[in-house]
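Each remark here refers to the structure printed beneath this line.
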Amino acid sequence: MKKNREYRVQESRRRVASAAARAAAEGRAPRVLFVCLGNICRSPAAQGIAENIAGKKGLKDYEFDSAGFYGGHRGDLPDRRMREAAWQRGYLLEHRSRTVRDSDFDYFDLLIGMDDRNIDALHSAAPTVEDEEKIVRMCDFSTDGFPEMDCVPDPYYEGPAGFQLVLDMLEDGCSELLNELTLSNRNGLK
């Protein structure tokens, strides 16, 4: 099991390097889409955290967005509990929920799923094999802080501790993702 995870993490990092190279070849910064089920908890939090980290690193041209596969929350702000937990850490989550679109595969360099269900849905929705190469798992960017976690759990039916765990995981994963993107994009746009 550990060997499979190591391979998957290496593959995800290869895909990040490929995405950064693609963006640099087009003379622009990378574009990343975070994906969860309803686009009201995990993916907008990942977007807000990544934007915050990128801003602190001076990576103002990097672009982040989020989407989901369930359309029942379309147009809604992130879940109030996630907004409050994120606010306590200095993140302002103002994204409005939307569903994944076919055009997202053309526009974004990376599509990052939060769990197996999101990864499977992204693969099913990908128009081409090349588009499937853009799909990676958020947990593949976690450092040693969460070795037992294979996905970012959905906190929707959990209490406050669930939202805090998700924020901890996303801070860790987004930080490492940005490190990988900037390392891979070193000779491109910063």
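The values are calculated or read from the model by the stated rules, or taken from the named source; none is laboratory data. Bear in mind that the values here come from a model prediction, so they are computed numbers and not experimental data. A quick note on method: Cβ atoms are made from the backbone with ideal geometry, for glycine too, and the neighbour counts reach across all protein chains shown. Remember, those area values only see protein heavy atoms, side chains included, never the ligands or the DNA or RNA. Shrake-Rupley method; radii C 1.70, N 1.55, O 1.52, S 1.80 Å.
Computed quantities for the displayed model
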{"read-out": "Global geometry of segment 115-156, whether rounded, prolate or oblate, following the gyration tensor of its Cα atoms and the 1.5 cut on a/c", "value": "oblate"}
{"read-out": "Cα point-scatterer Debye curve for segment 1-100, base-10 log of I(q)/I(0) at q = 0.12 Å⁻¹", "value": "-0.48"}
{"read-out": "Cβ-placed point charges (K, R +1; D, E -1), dipole of the chain about Cα centre in debye, nearest 20", "value": "440"}
{"read-out": "Gyration tensor (alpha-carbon) shape descriptor, segment 86-134, a/c threshold 1.5", "value": "prolate"}
{"read-out": "Exposed-loop-free span, longest in the chain, where chymotrypsin sites (Phe, Trp or Tyr not before Pro) count as exposed if DSSP calls them loop and at most 15 other C-beta atoms lie within 10 Å", "value": "71-156"}
{"read-out": "Under 21 Å, Cα to Cα: Lys pairs in the chain, sequence gap 8 or more or different chains", "value": "4"}
{"read-out": "Centroid-to-centroid separation of segment 153-183 and segment 74-128 [C-alpha atoms, Å]", "value": "13"}
{"read-out": "Positive-end residue, the chain charge dipole about Cα centroid, Cβ charges, pick of His123, Leu170, Val9", "value": "Leu170"}
{"read-out": "Net dipole in debye of segment 20-130 [+1 Lys, Arg Cβ; -1 Asp, Glu Cβ; about Cα centre; nearest 20]", "value": "480"}
{"read-out": "Surface accessible to a 1.4 Å probe, per residue, for the residues of the chain, Å²", "value": "48"}
{"read-out": "Carbon + sulfur, % of accessible area of the chain - ligands and nucleic acids excluded, 1.4 Å", "value": "49"}
{"read-out": "Debye equation applied to the C-alpha atoms of segment 23-71, log10 I(q)/I(0) at 0.13, 0.17, 0.21, 0.24 Å⁻¹", "value": "-0.33, -0.53, -0.71, -0.82"}
{"read-out": "Inter-label distance for Glu158 and Ser103, nm, one decimal - labels placed 7 Å from Cα along Cα-to-Cβ", "value": "3.4"}
{"read-out": "Option label - percent of Cα pairs over 26 Å apart computed here, alternatives [x] 31; [y] 45; [z] 24", "value": "[z]"}
{"read-out": "Simple spin-label estimate for Gln88 and Lys57 in nanometres, 7 Å along Cα-Cβ", "value": "2.7"}
{"read-out": "Top positive-direction residue, dipole computed over the chain with Cβ charges, set Phe105, Ala29, Gly72", "value": "Ala29"}
{"read-out": "Coordinate range along principal axes, alpha carbons of segment 97-190, Å, largest first", "value": "38, 32, 24"}
